[in-house]
Amino acid sequence: MTAGTSLVRRVLHFFLIESGRQHEQTRVLRPDYPYRAPGNGVNYISTSTRDGVNFTDTVAQFNFVSAVPINVYGIEVESGFQASENLSVGALFSYSKGEIDNGTVACNDYLPADGQPDSGGSPSVSDIRNGTGGDTVGACNVNYRSNNAPLWTATFSSEYSFPFVGLEAYVRGLVTMYGNSENDPSNPIDDVDAYNTVNAYAGIRDPDGKWEVMFYGKNVLDTERVTYREASPATADYQVLQFGNPGNPTQVTGAQGGTGVSSYRQIGMNAQRELGINFRYNF
């Protein structure tokens, strides 16, 4: 980058969300933030399962949405530099933290029923009934984060363009850094460590912007990170058919339902490496 001020363009953007008085105003305006239970959701009692003869109560899971008040604090800083006629670089840093302010959310509070979300376990119908005083789903008052996004992210970009057989060619790089992330507060094994991804682009375009051909590579270093991990092993419902007619031994007289617990957990991953080509034409 040259030192001459005529060749350097600096743009600094500073944005502060909710501080002091503004923070209090936002709390009033957002008392009903829709918080969705993460992961596989919350265990509850479902009465919509047929066992072959009658409807019976079973334990199911659902990502319940609860309206809760939240506080959000954030800052964003962006800087751009035109280092030369052909080279530009930029950087963006953002920090954001949202917290539920003593909101009531659907939760697994059965083993034990102590007002705090359980860190694991597979409750039975009787566990849920006993833990909720006869209700079908548990609830907790919480003050934890309202989402599982990283607290901070940083992006660094650079593009170099040059003439090529009467056209404009360019190469571009993009590095994104993700900070540590806290996922489900009741799940001690699903927090995400910081990681980085690198994207690369190269292409040619019409100097007048009529068309463009671009080759791209996303996550070119093939960085892999588990972005969430279930607290409890995966389960599968099954039914055992019952045969009780002596005159017709093949006749099904009923079914007994059950739930099998596996040795695997469901996980989520960041997007894998992707290579491709884009063509754009403006009519």
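To the nearest 10, the accessible area of SER263 is 110 Å² with a 1.4 Å probe.
Taking 7 Å steps out from each Cα toward its Cβ at ASN141 and SER79 produces label points 4.5 nm apart.
With R₀ set to 35 Å, the beta-carbon distance separating PHE93 from ASN63 gives a calculated FRET efficiency near 0.65.
Within the shell of other residues whose beta carbon sits under 14 angstrom from the beta carbon of TYR44, the net charge comes to -4, with Lys and Arg scored +1 and Asp and Glu -1. Placing +1 on the Cβ of every Lys and Arg and -1 on the Cβ of every Asp and Glu, with nothing else charged, gives the chain a dipole about its Cα centre of roughly 540 debye. Here the relative contact order of the chain, from alpha carbon pairs under 8 Å that lie six or more residues apart, stands at 14 percent.
With helices as the sole contributors, the chain gives -1500 deg cm²/dmol at 222 nm; each DSSP H run of n ≥ 4 counts as -39500 (n - 2.57), and the sum is divided by every residue. Using the Cβ-Cβ distance between ASN86 and ALA271 with R0 set to 41 Å, the FRET efficiency from 1/(1 + (r/R0)^6) comes to roughly 0.85. With all pairs of separate Cα atoms included, region 38-184 yields a Kirkwood hydrodynamic radius of 19.5 Å.
The values are calculated or read from the model by the stated rules, or taken from the named source; none is laboratory data. Here the structure is a predicted model, which is why all the values come from computation and not from measurement. Don't worry about glycine lacking a Cβ; one is built from the backbone with ideal geometry, like all the others, and counts go over all protein chains shown. Just the protein is used for accessible areas: all its heavy atoms, side chains included, with ligands, DNA and RNA removed. Shrake-Rupley method; radii C 1.70, N 1.55, O 1.52, S 1.80 Å.
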